Amino acid sequence: MSTLKDKQLTDITVEDLLISSEKVAHVQLNNPLEHALLVLVKSGYSAVPVLDPSYKLVGTIGKTVILNQILGLERFEFEKLSSMRVEEVMYTDIPCLSKNDTFLDALKAVIDSPFVCVSDAEGYFDGILTRRAILKQVSRDIYTKRQLTEK
Ligand code: 2BA
């Protein structure tokens, strides 16, 4: 079986580059915003996926949208962090890939998003594909081709 190192970009699929669901920080639809902000601050990520109770992908949420929601006219209304839920402020219109999509599909998707969620045909969350994973492969490909032309 060929490893990722031996594969041409055109043979790489989303599955080869996936960060699997168990390694991805996420929040649930019905979590209070306080919990979501805690996950975001503790993990260090600016945005993470949102899942429903059956682990289907439903959206993403980030620090900026949470802070905007609790921003009042003169102060941050921190009490809203416990009264508002993730489903009230999350983004639902998000790009999504499947494990069988090609490297080019993935490259196009991460032009506008730092990460793209991956789900199966029933909508169950498989993981994420990051811009970092794509850029690493592009860099490896350029480096390999340069080595070949210098020989
Ligand atoms: P950001 O949180 O805005 O992170 C931008 C880049 O900063 C990341 O790019 C990574 O290179 C670095 N970075 C940020 N926090 C990090 C941490 N705690 N550990 C290591 N590196 C960190 P990418 O790796 O391309 O990730 C793109 C986006 O994917 C991240 O944007 C974040 O929203 C999401 N992400 C990545 N890994 C995740 C994970 N395990 N769980 C949840 N979300 C993740």
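Kindly establish whether K42 is within 16 Å of the ligand (Cβ to nearest atom) and either among the charged types (D, E, K, R) or free of Cβ contacts under 8 Å to residues at least 24 places away in the same chain (or both). Answer is yes for this residue.
Conditions tested, residue by residue: (1) under 30 Å from D16 (Cβ atoms); (2) free of Cβ contacts under 8 Å to residues at least 24 places away in the same chain.
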| site | (1), (2) |
| --- | --- |
| N68 | no, yes |
| R75 | no, yes |
| V89 | no, no |
| F103 | yes, no |
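Among the residues of region 105-117, the one identified as in contact (Cβ under 8 Å) with a residue 40 or more places away in the chain, closer than 15 Å to I12 by Cα and hydrophobic (A, V, I, L, M, F, W, C) is A106. Can L107 be described as in contact with a strand residue (DSSP E or B) (Cβ under 7 Å, 6 or more places away or on another chain) and within 16 Å of the ligand (Cβ to nearest atom)? Against the criterion (in contact with a strand residue (DSSP E or B) (Cβ under 7 Å, 6 or more places away or on another chain) and within 16 Å of the ligand (Cβ to nearest atom)), L107 does not qualify. Please work out which residue is nearest to K136 (Cα to Cα), limiting yourself to region 9-30 and to residues that are surrounded by 16 or more Cβ atoms within 10 Å (Cβ to Cβ) and under 13 Å from the mean Cα position of the chain (by Cα). Filtering region 9-30 for residues that are surrounded by 16 or more Cβ atoms within 10 Å (Cβ to Cβ) and under 13 Å from the mean Cα position of the chain (by Cα), the one nearest to K136 (Cα to Cα) comes out as L17. Only a single item in (1) part of a helix (DSSP H, G or I); (2) modelled with pLDDT under 95; (3) of a type in the set (S, T, N, Q) is not met by S82, and it is number (2).
Please work out which residue is nearest to the chain's Cα centre (by Cα), limiting yourself to region 52-79 and to residues that are assigned to a strand (DSSP E or B) and away from the ligand (no atom under 16 Å from the Cβ).
It comes out as K56.
Answer with yes or no whether P49 is within 11 Å of the ligand (Cβ to nearest atom) and either within 27 Å of D120 (Cα to Cα) or in contact (Cβ under 8 Å) with a residue 24 or more places away in the chain (or both). Yes; evaluated as a whole, the condition is true for this residue. The set of residues in region 112-138 being loosely packed, with under 15 Cβ neighbours inside 10 Å and more than 13 Å from the ligand (Cβ to nearest atom) consists of D120, A121, E122, G123, Y124.
For V86, the conditions (1) more than 16 Å from the ligand (Cβ to nearest atom); (2) surrounded by 14 or more Cβ atoms within 10 Å (Cβ to Cβ) all hold with the exception of (1).
Scanning region 1-39 for residues being near the ligand (Cβ under 10 Å from one of its atoms), without any contact (Cβ under 8 Å) to a residue 24 or more places away in the chain and among the polar types (S, T, N, Q) gives a total of 0. Taking region 118-151 as the range and being acidic (D, E) and not in a helix (DSSP H, G or I) as the test, the residues that pass are D120, E122, D126. Residue count for region 41-97, restricted to those that are touching an Asp or Glu at 6+ places or on another chain (Cβ under 7 Å) and among the hydroxyl-bearing types (S, T, Y): 1.
Evaluation of L33 against the conditions (1) touching a Leu at 6+ places or on another chain (Cβ under 9 Å); (2) modelled with pLDDT of 95 or more; (3) closer than 23 Å to C96 by Cβ; (4) not basic (K, R) shows that the sole unmet condition is (3).
The values are calculated or read from the model by the stated rules, or taken from the named source; none is laboratory data. The shown structure was predicted, so the numbers you read here are calculated from the model rather than taken from an experiment. Positions of Cβ are generated from backbone atoms using ideal geometry, with glycine treated the same way; all protein chains shown enter the neighbour counts.
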